[in-house]
Amino acid sequence: MELSIELILILFITGIAAGFIDSIAGGGGLLTIPVLLWSGLSPLTVLGTNKLQGTAGTLTSSLNFYRNGHIPLKSALSAVIMTFIGSAVGTLAVQQLDNQSLAILLPILLLIFALYFIVSPRITDKDALQRMSTTVFAFTAGFGIGFYDGFFGPGTGSFFVIAYVTLLGYGLTRATAHTKLMNFSSNLASLIFFYLAGLVAWQVGLIMAAGQVIGSYSGSHLTMKHGVKLIKPMLFIVSVLMSLKLLFDSYF
């Protein structure tokens, strides 16, 4: 496809905005997927291209959090591996199965999580009670949410954050940092299989990826600086907007 200067600017700016939102609360797909569809790509190529630009953003956030000591790779490795495997399986499964039931259920879950983020006194920057080992977490939450991301996608960041907070007792900033690493793993796995199917528009995706790097770097810095005061309202707003968009797409 031919890329005009106007389209390049729109893709780049969208990448910046999506990367910024994603690095704090997730939900950047609310911006990127409509813009990619508007650019004229087919729906499946939109999904593959979205994984390309999302991989760049989550890699940037992950590296930023890691350099600042928020992600000990050794303890996160098992979850990274199982998330990768789960996403690969989900990406293959989505080509065979109907995901209409998820489209109906997901907005309800996101609204519940949005309320939980706001009203629960447990959502702080302080670590709390750990309810399972990191290995069990990897084989349950890591694989399960990874599968969901490869299969369907919206709200993955919110699901990972709530899993880290409630199951491993992580504080919100620490949970967000680990979530970006899991998002990178699931995005990379999904991207590989979309690439093998020839469903990635590289020019478009790389332009958005450049914007993602800028937005993700800025957003992850703000997250580390402001912590729960920034993440909590952003998670609430993004979760509500995502649920409303999905409800609208399902019923109108």
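Numbers for the structure displayed
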| item | result |
| --- | --- |
| Residues located in region 161-216, provided they are free of Cβ contacts under 8 Å to residues at least 40 places away in the same chain and either under 15 Å from the mean Cα position of the chain (by Cα) or closer than 26 Å to I8 by Cβ (or both) | A163, Y164, A175, G198 |
| All positions within region 131-156 that are part of a helix (DSSP H, G or I) and among the hydroxyl-bearing types (S, T, Y) | T134, T135, T140, Y148, T156 |
| Qualifying position, being in a helix (DSSP H, G or I), of a type in the set (S, T, Y), modelled with pLDDT of 70 or more and surrounded by fewer than 20 Cβ atoms within 10 Å (Cβ to Cβ), among S101, S75, S61, S87 | S75 |
| Test for L31: is it out of contact with any helix residue (DSSP H, G or I) (no Cβ under 7 Å at 6 or more places or on another chain) and either assigned to a helix (DSSP H, G or I) or touching a residue at least 40 places away in the same chain (Cβ under 8 Å) (or both) | no |
| Qualifying residue in region 189-198 (condition: in contact with an Asp or Glu (Cβ under 7 Å, 6 or more places away or on another chain), over 18 Å from L59 (Cα atoms) and of a type outside the set (D, E)) | no |
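For every residue, the table says whether it meets (1) at pLDDT 85 or above; (2) under 17 Å from S61 (Cβ atoms).
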| residue | (1), (2) |
| --- | --- |
| E2 | no, no |
| I13 | yes, no |
| G27 | no, yes |
| T32 | yes, yes |
| G40 | yes, no |
| V46 | yes, no |
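The values are calculated or read from the model by the stated rules, or taken from the named source; none is laboratory data. From a predicted model like this one, the values you see are computed outputs, not experimental measurements. We place every Cβ from the backbone using ideal geometry, glycine too, and count neighbours over all the protein chains shown.
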